[in-house]
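The values are calculated or read from the model by the stated rules, or taken from the named source; none is laboratory data. As the structure is a computational prediction, the values presented were derived from the model and not from experiment. Every residue, glycine among them, receives a Cβ derived from its backbone with ideal geometry; neighbour counts consider all protein chains shown. These accessible areas exclude ligands, DNA and RNA; they are computed on the full protein's heavy atoms, side chains included. Shrake-Rupley method; radii C 1.70, N 1.55, O 1.52, S 1.80 Å.
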Amino acid sequence: MGDRKKGMTKALSTALKMEKDGMAFYEEASKKTKNPLGKKMFLSFVEDEKRHYGMIEALAKGLKIGEELKKAGPAEQIRTLFEKAKKDMNARLGSDPSDVEALKFARSMEDEGYRFYRDSAAGASDAGEKALFEKLAREESQHHEILENALNYLEKSGEWFLWEEGGPIEGG
């Protein structure tokens, strides 16, 4: 991509590369995981990364992205995915070591993305760029939470459902 496009700041250029790398990683992870639920989760992240890439690219071209910034993030889609899986206990994430490692690596990628977008928002002089980076930071944070939740479930079999449903943790 480089800085060929008008309006392409270094932060936007870096963001495009991060999102492209994220798409490739999640696509590969979806192919390698043996679990149908894990596959769906990774594919939903691919779609999120594509959407992020499109918003960054549009902003770099000087297009308005106000409506995109108002849309709900990934948490609601993943929550729906896991709620459907509750009905089919066979869809639980298995404890395959490669799945665990993929989730841990993905979590570290999302952490890095969050920090980058948070810092980029703080340093942005353009209001549109700042708003986009703030949204992307929130979504990366949601991805982290989703991955953390999946890891807890994998490593402590069954805890995911307890956490998700509240149970004694929330007193309800």
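Values for this structure:
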| quantity | calculated |
| --- | --- |
| Among (1) modelled with pLDDT of 85 or more; (2) under 24 Å from PHE42 (Cβ atoms); (3) out of contact with any Asp or Glu (no Cβ under 8 Å at 6 or more places or on another chain) - the single one ILE56 does not satisfy | (3) |
| The range 28-42 - residue that is open to solvent by less than 70 Å² (accessible area, probe 1.4 Å) and modelled with pLDDT of 90 or more and, of those, nearest to LYS135 (Cα to Cα) | PHE42 |
| Selection count where residues are open to solvent by 20 Å² or more (accessible area, probe 1.4 Å), under 17 Å from MET18 (Cα atoms) and in contact with a helix residue (DSSP H, G or I) (Cβ under 8 Å, 6 or more places away or on another chain), scope the range 134-154 | 4 |
| In the range 8-27, the residues that are outside any helix (DSSP H, G or I) and open to solvent by less than 30 Å² (accessible area, probe 1.4 Å) | MET8 |
| Spans of helices (runs of 4 or more DSSP H) in the range 61-133 with at least 3 residues open to solvent by less than 60 Å² (accessible area, probe 1.4 Å), under 16 Å from SER13 (Cα atoms) and at pLDDT 85 or above | 97-123 |
| Subset of the range 116-143 (residues that are within 24 Å of TYR26 (Cα to Cα) and touching a residue at least 60 places away in the same chain (Cβ under 8 Å)) | PHE116, TYR117, SER120, LEU132, PHE133, LYS135, LEU136, ARG138, GLU139, GLN142, HIS143 |
| Residue that is part of a helix (DSSP H, G or I) and under 13 Å from GLU140 (Cα atoms), where the choices are GLU49, GLU57 | GLU49 |
